[in-house]
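Data first, discussion second: the structure below is written as structure tokens.
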Amino acid sequence: MMSTDLATLAPPLLALGTGVVSALLYARKRRWADALLAGVAGAALAVTIADVRLPTDGTSATATSIAVGTAAGRLADADRAAIPAAAGIVQTGDGLRDAEWRDLPARPLQWKPAAADLLWLDFPRSISLGRIFTLTVRRPQSAAWRLQLLAENKQVLADSGTPSAASQLSVQWLAPVAENMVLQARLLDANGKTIAQGPIPLQVKDAVPLQIQGRFDAPSFDARVLNQLLADGGAIMDWNVTLGKAITRSETARAPLTTPNAIFVDAAYVEHLSPAARGSLLAQAAQGITLVILGGSAADVSMWQRELGLYLHPQSPTTEKEDVRQFGVTLAMPPATLNPADNAAAPWSVLARDVKKQPWMWQRAVGQGQVVWMGVMDWHKYAISEPHLLTLWWQSAMDRIALESPQKTAWQLNDPMPVPGLRSEVCAQGVKPGAALTVTGQPPLAMQPRSDKADGVCAAFWPRQAGWVQVSAEGMTEQGSEYVYAAGDWPAWQRALRRDATAVYVARATPSGIARADAGTAGMGGEQWPSWPTAIVFALALFGLWWREQRGGGSRPSERIGTETD
């Protein structure tokens, strides 16, 4: 087996070609023995300098499977050293974490997981102040249970309520201050007995204020409530509402709007603009600003079709109740009088749907930005009755709109559960490759690009002890924090993570996966052909040619090169 790379093939091909030409020249003179020696010399030289490898399946012919135990969650050093030469792995226990499997070559794995108590935790490690923190726990067991979120002083912050046999429970909490904290999650059975309890690290950061412009020509309670929600979230707003022909209510921004995140307008404002002013508004969106249109006041169907390619249709009065958009159990909002169709034509597309799969938000790209159509109204009714749910709904809407953050760098701490002694990874976005990463108590590390991390660079380190670890890097505007769990924290979650990582390794260790891994690591997937035998053949062939030339080639004088014939 040989490499097919042209740069690798060129030298041996040149050597082989030279040998063939020499053999032909000798054969032309009927010097058959010399032609054979020249051909053998050329072929031997070509094989000597070529990257010829022996076919292999990644293991030696005499390799056997190795039995490894992973009950302790780690791999013994002797087993780690023996796996590369083994034909397969017979595993007992729950397996290894992803960081350890990645360090091992792909080998067929025999494993039968035993019944065990497992759980999975899902929660954000970092949130902005004012955002709702949500903790979700999954358990395959069917017995009734409930979930609690505890403060650092063991005070109950949130409770899932009555014990339930559901496989998944969630709790939510609003952090009052920006700081690093280690909360606790507690799982209780139907009798109030603790099933499991462990730390929940959370980093609450000061929110980067949104910069919002608001322009409205149809004053409404919806616009008023939106203004209040943005103000409560700390947004910097330049807000203007037309109350009459000569009456406006303006709210000047408390700081300059250097890079506005979005412009909120109602449909009436866009319809009342002159064509030139509408073009200027769309030009702002094309520069990367999101234009959000509240569609409740739309009236001029032809204008929207002409200017934005948006085909609006009136809502049918006969399906008024069916058309109400439902968000969860409590929030229900009527659609706007005019809305795009469910299957809006390009360049428009549906951005969000309610629980009944009915669309309520549409969007289209404009240059580097986008235009968003909000097709529901009357959310102001919940400002008093359900302020918390209304805040969550608008947060969800903002997330879907995906307003661009002014911050161009961000930490990516994707390790679900770092523990001491196990390799962890820190990635950063917006940082140049080679930037120095500083981890508390460890020497600087060089961050390198990763093929699976777009615009990201990463570095690995081995945590030494449990607790918060601070990380910083050249080019990052702020420090990052990663919490290292103690080895005994959340044993059921650790088992689940090991089983998940082992299942991924099993998929990688299939025959096709082994072939891909071998191709990626060895290029040709086998041992290199030893070059010394062909080098000896080459030398002997050249010596034979020289010896025959010195003795006259063993042919008649008239057949020697450079002699005259009678």
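The values are calculated or read from the model by the stated rules, or taken from the named source; none is laboratory data. Computed from a predicted structure; not experimentally measured. Ideal geometry is used to build each Cβ from the backbone, glycine not excepted, and the neighbour counts take in all protein chains shown. These accessible areas exclude ligands, DNA and RNA; they are computed on the full protein's heavy atoms, side chains included. Shrake-Rupley method; radii C 1.70, N 1.55, O 1.52, S 1.80 Å.
When each of the peptides 93-101, 344-352, 150-158 is scored by the mean number of other C-beta atoms lying within 10 Å of its residues, the order from highest to lowest reads 93-101, 344-352, 150-158. Note on the stretch 211-401: along the principal axes its Cα atoms extend 44, 39, 33 Å, ordered by decreasing extent.
For the stretch 134-281, give the share of DSSP beta bridges that are antiparallel, in percent and rounded to the nearest 5; count only bridges with both residues there. Provide the component values of the computation, followed by the final result.
Numbers: 28 of 38 bridges.
Within the stretch 134-281, antiparallel bridges account for around 75 percent of the total.
If you sort the three axes of the alpha carbon gyration tensor as a ≥ b ≥ c, you get a/c of 1.5 or more for the stretch 303-441 and a/b above b/c, which makes it prolate. Each of SER451, VAL469, LEU422 was scored by the projection of its Cα onto the charge dipole of the stretch 410-484, and the greatest displacement toward the positive side belongs to LEU422; charges sit on the C-beta of Lys, Arg, Asp and Glu. A straight Cα-to-Cα reach below 17 Å connects LYS193 with the aspartates and glutamates ASP117, ASP159, residues fewer than 8 places away in its own chain not being considered. In this structure, SER128 and GLN284 have a Cβ-Cβ separation that, at R0 = 30 Å, corresponds to a calculated FRET efficiency of about 0.70. Projecting the Cα positions of PHE327, PRO347, TRP393 onto the charge dipole of the stretch 211-401 (unit charges on Cβ atoms of Lys, Arg, Asp and Glu, taken about the Cα centre) puts PRO347 furthest along the positive direction. Stretched out straight at 0.36 nm per residue, the stretch from VAL20 to THR252 would grow longer than its current Cα-Cα span by 74.9 nm.
What size of dipole, in debye to the nearest 20, comes out for the stretch 469-510 about its Cα centre when the only charges are +1 on Lys and Arg C-beta atoms and -1 on Asp and Glu C-beta atoms?
Rounded to the nearest 20 debye, it is 440 debye.
Arrange the peptides 307-313, 532-538, 34-40 so that the one whose residues have, on average, the most other Cβ atoms within 10 Å appears first. Intermediate results must be reported in sequence, preceding the final value.
Values: 307-313: 17.6, 532-538: 15.1, 34-40: 20.7.
So the peptides 307-313, 532-538, 34-40, ranked by packing, come out 34-40, 307-313, 532-538.
Where both bridge residues fall in the chain, DSSP classifies roughly 70% of the beta bridges as antiparallel. The label-point distance for TRP468 and ASP323, in a model that sets each label 7 Å from Cα toward Cβ, rounds to 5.2 nm. Sorting the segments 471-484, 490-503 by their residues' average number of neighbouring beta-carbon atoms within 10 angstrom, most packed first, yields 490-503, 471-484.
Hey, could you get me the Stokes-Einstein D for the chain, Kirkwood radius over alpha-carbon pairs, 37 °C and 0.692 mPa s, rounded to whole µm² s⁻¹?
Numbers: Rh = 30.5 Å.
Estimated via Stokes-Einstein, D reaches 108 µm²/s.
Summing +1 for each Lys or Arg and -1 for each Asp or Glu among the other residues whose beta-carbon sits under 15 angstrom from that of SER297 gives -4. With protein chains left intact and a 1.4 Å probe, residues in the stretch 410-484 average 48 Å² of accessible area per residue. Cross-link candidates for LYS356: which aspartates and glutamates have Cα within less than 14 Å, leaving aside residues fewer than 8 places away along the same chain? Straight-line reach from LYS356, under 14 Å: GLU322, ASP323, ASP342.
Within the shell of other residues whose beta carbon sits under 14 angstrom from the beta carbon of GLY544, the net charge comes to +1, with Lys and Arg scored +1 and Asp and Glu -1.
Excluding ALA446 itself, what net charge comes from residues whose Cβ is under 14 Å from its Cβ, given Lys and Arg +1 and Asp and Glu -1?
Working: positive: LYS432, ARG450; negative: GLU425, GLU474.
Result for the local shell: 0.
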